[in-house]
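Note sheet for the following structure.
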Amino acid sequence: MIKRVAILGGGLLGGSVAISTKEHFPDVEVVLWARKEQVAAEAREMGLDLASSDFAEVVKGADLVILATPVGTMSKLVKELLELRCEEEFLITDVGSVKRFPHEEIEPLLEGTHVKYVGSHPMAGSEKKGFSAAYGELLDGAACILTSSNMLADAAELELLEFYWTSLGCRVRKLSPEDHDYAVARISHFPHAMASMVAMVGLSFEDIGELAGGGLRDTTRVAAGDPELWAEIMLENRDALQRSVAESISELNTFQAMLEGNDEDGVLKYLMEAKRRRDLI
């Protein structure tokens, strides 16, 4: 049973998880760590039990620790966490957009301890960033992927996290870290890359931007996201992402050939198949 949840990171997703946890688990103590005291102050105003830039104060006694920082900093936080609580038993998860890298970095640190790590990835976000943009409903209806290198050994932790995330309104699915990264490269990281490319091509003449309608705005919305965050995500998952990029180049060549050949039937069938696949979601 979870009694205290510590969320490490006060960005959009970390903040939203904290707010939603407070709403759905009123008897659970929800605490948040933020590097900047200003962010911690915002969290306190939202009614969290504790929000502080004091790392040791926040992680003390937490049954569940959620890493909501950039993936590249997670192993450093785990090391600090183990220095404070190496003899204790608790569960670590994260909300990172890639999973193979954190599993490879974190799991060796936990050998010989009573601490377990299972990955989480709630597929929820926005082009906005920071705690000021956080809200509990961000997670409503979102898919959440749980990742484990050993599903059988982590069965109890997976069951606990499934209960936790479904209570926050998510739909849960379990995958290996490798399968997770392959899947999200196609459904998240690749679309973001394409949105950026559409912005580059569609707005190559900036004075025509004022003519754009909803189609361009919708297609490029995610390209307005945090460039530093997304550069890290794409490079960390570059192996899987490159496959999708290569397939997109092939699709563009196919479509270009149909245009060059004035292939009306081919273009119609292509757009109909694209619509059919889009309608699946």
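Nothing in this text is a laboratory measurement; each read-out follows from the coordinates by a stated rule. Predicted model, so just to flag it, every value in this text is computed and none were measured. Note that we place each Cβ from the backbone using ideal geometry, even for glycine, and neighbour counts take in every protein chain shown.
Could you list which residues have their amide H under 5 Å from that of D49, counting only those 5 or more apart in sequence or on another chain, with H placed in the peptide plane?
V30
List the longest stretch of the chain that has no exposed loop site; here a site is one of the GluC sites (Glu not before Pro) assigned by DSSP to anything other than H, G, I, E or B, with at most 12 other Cβ within 10 Å.
Numbers: sites that count: E87, E89, E111.
Counting only loop sites that pass the neighbour cut-off, the longest clear stretch is 112-281.
Determine ³J(HN,Hα), in whole Hz, for all residues of the stretch 88-100 in sequence, where each value follows from phi through the Karplus function 6.51 cos²θ - 1.76 cosθ + 1.60 and θ = phi - 60°; x replaces Gly and Pro.
Working through the residues one at a time gives 9, 10, 7, 10, 10, 9, 8, 10, x, 7, 10, 10, 4 Hz.
Take the stretch 180-279, drop everything but the C-alpha atoms, weight them equally and run the Debye formula without solvent; then report log10 I(q)/I(0) at 0.17, 0.19, 0.20 Å⁻¹ to two decimals.
Once normalised to I(0) and log-transformed, intensities are -0.97, -1.14, -1.20.
Looking at the stretch 16-123, which trypsin sites (Lys or Arg not before Pro) are in a loop (DSSP not H, G, I, E or B) and have at most 14 other Cβ atoms within 10 Å? Write down the numbers at each step before the final one.
Numbers: sites: K22, R35, K36, R44, K60, K76, K79, R85, K99, R100, K116; in loops: R35, K36, K60, K99.
Those that pass, being in a loop and sparsely packed, are R35, K36.
Taking Cα centroids, how far is the stretch 129-204 from the stretch 16-61 in Å?
After rounding, the separation between the Cα centres reads 22 Å.
Can you work out the FRET efficiency for the pair K129 and E80, with r the C-beta to C-beta distance and R0 = 30 Å, to the nearest 0.05?
Details: r = 24 Å, r/R0 = 0.80.
Step by step, r from the Cβ atoms, then E = 0.80.
On full extension of the chain, what length is gained from S167 through F255, given 0.36 nm per residue of separation minus the C-alpha to C-alpha distance? All intermediate terms of the calculation are to be shown ahead of the outcome.
Numbers: separation 88, 0.36 × 88 = 31.68 nm, distance 4.41 nm.
Using 0.36 nm per residue and subtracting the Cα-Cα distance, I get 27.3 nm.
Kindly provide the pair-distance distribution of the chain built from C-alpha pairs, with 5 Å bins from 0 and whole-percent values in order of increasing distance.
Histogramming the chain at 5 Å steps yields 1, 5, 11, 15, 17, 15, 12, 8, 6, 4, 3, 2, 1, 0 percent.
Gain in length, E210 to R238, computed as 0.36 nm per residue apart minus the alpha-carbon separation, to one decimal in nm?
Details: separation 28, 0.36 × 28 = 10.08 nm, distance 3.40 nm.
Extra length from E210 to R238 when fully extended: 6.7 nm.
Write down the Kirkwood hydrodynamic radius of the stretch 109-171, to one decimal in angstroms, obtained as one divided by the mean of 1/r over all alpha carbon pairs. Write down the numbers at each step before the final one.
Numbers: mean 1/r = 0.0754 Å⁻¹.
Its Kirkwood hydrodynamic radius stands at 13.3 Å.
Can you say what percent of the DSSP beta bridges in the stretch 4-175, counting only those with both residues inside, are antiparallel? Round to 5.
Values: 4 of 27 bridges.
Looking only at bridges with both residues in the stretch 4-175, the antiparallel portion is about 15 percent.
Give a quick list of chymotrypsin sites (Phe, Trp or Tyr not before Pro) in the stretch 142-229 that DSSP marks as loop, anything other than H, G, I, E or B, with at most 16 other Cβ atoms within 10 Å. Spell out each step's value before the answer.
Values: sites: F163, Y164, W165, Y182, F205; in loops: F205.
Qualifying residues, ordered by number: F205.
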